[in-house]
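See structure below.
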Amino acid sequence: MSMTTEPHAWERRQIEKAREDAVATVARLERSLAEAEDELAYRRELFGAARAAVDANRREMMAAHQQGARTVHQPGRRLPEAEAVYVGVPPGAVAALQRALVEDPVLQIREQEALSAASNLERRALQIARTLAHWKTVAAGLAEQTAPAEPTIDSPVTRAPTGPLSELEAEQAKAAATQWTAPEPSAAQSPASVSVSIRERLAGLAERVATW
C-alpha cells in the first residue's frame, strides 16, 4: 500500500488561506453579479420607456401632418417650426406638431443615454460573470488540493519489495519453490516418442554402414 506525498503543514495552511480568499472572492462576485443584473433589468426598462416616448412623439407628428400641419425649416433657426398647409387646418394640429418638434431631440437624447447605460451595464455583467466562472474554477482546484489523499493499493504483480524478507516469508517462498512442478511434456515430445525416434535413427545408420 502506497501513500501519496502529503504537503507540509505550512504548505497546507497557505493553500487553505488561498482557498478561503478564492471562496470570499466568489461570494463577492456573486453579489456584484446579482446587483448588476438587477440594475440591468432597471436600465432596460428605462430604455424601453424612452424608446416608447420617441415612438409616441413620432406618431403625434404623423397625425398632425395628416391633419394639414407641416414642418418648415427656417434659415437660421435651430429647430424646425410647424405651420398650416392650407386654410382651415385645425390649430390644435399645428400646436401638436410644434410641441412634438421641440420634444423630439430631447426624447432622442434620453433614448440614446438609456441605451448607452444599458449597453455598458450588459458588458459589465458579462465581465463579472466571466470573472466569477474563473474564480469558481480556482476555488474548486484549491479545494481538491486541501482534500485528504486516499491511499491506493498496488498490484501484487508490479509491487516491488520494500525491504528484506522475514524468516516466515523466506520459508513460505522456499516451500513454494520446492512444491513447484514442471509442466508435463506435450505428446509430440513425450519420453516414449523420443526413445522410438532415436532407435529408428540408429537402425537406419546401421543399415547404411552395412552397405559400405
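Derivation of every value follows stated rules applied to the coordinates shown; laboratory data play no part. Please read all numbers here as calculations on a predicted model, not as lab measurements. All Cβ positions, glycine included, derive from the backbone under ideal geometry; neighbour counts span all protein chains shown.
If you go through the range 58-83 and pick out every residue that is touching a strand residue (DSSP E or B) at 6+ places or on another chain (Cβ under 7 Å), surrounded by 13 or more Cβ atoms within 10 Å (Cβ to Cβ) and not hydrophobic (A, V, I, L, M, F, W, C), you end up with 6.
With the requirement that a residue be among the hydroxyl-bearing types (S, T, Y) and closer than 22 Å to Q66 by Cα, what does the range 80-118 give you?
First pass over the range 80-118, keeping only residues among the hydroxyl-bearing types (S, T, Y): 86, 116.
Scanning the range 80-118 gives a single hit, Y86.
Looking at the range 84-94, can you tell me whether even one residue there is surrounded by 12 or more Cβ atoms within 10 Å (Cβ to Cβ), of a type outside the set (S, T, Y) and part of a helix (DSSP H, G or I)? Yes - at least one qualifying residue is present in the range 84-94. Just so you know, in the range 27-57 the residues that are basic (K, R) and under 17 Å from S116 (Cβ atoms) include one that is surrounded by the most Cβ atoms within 10 Å (Cβ to Cβ), and it is R43.
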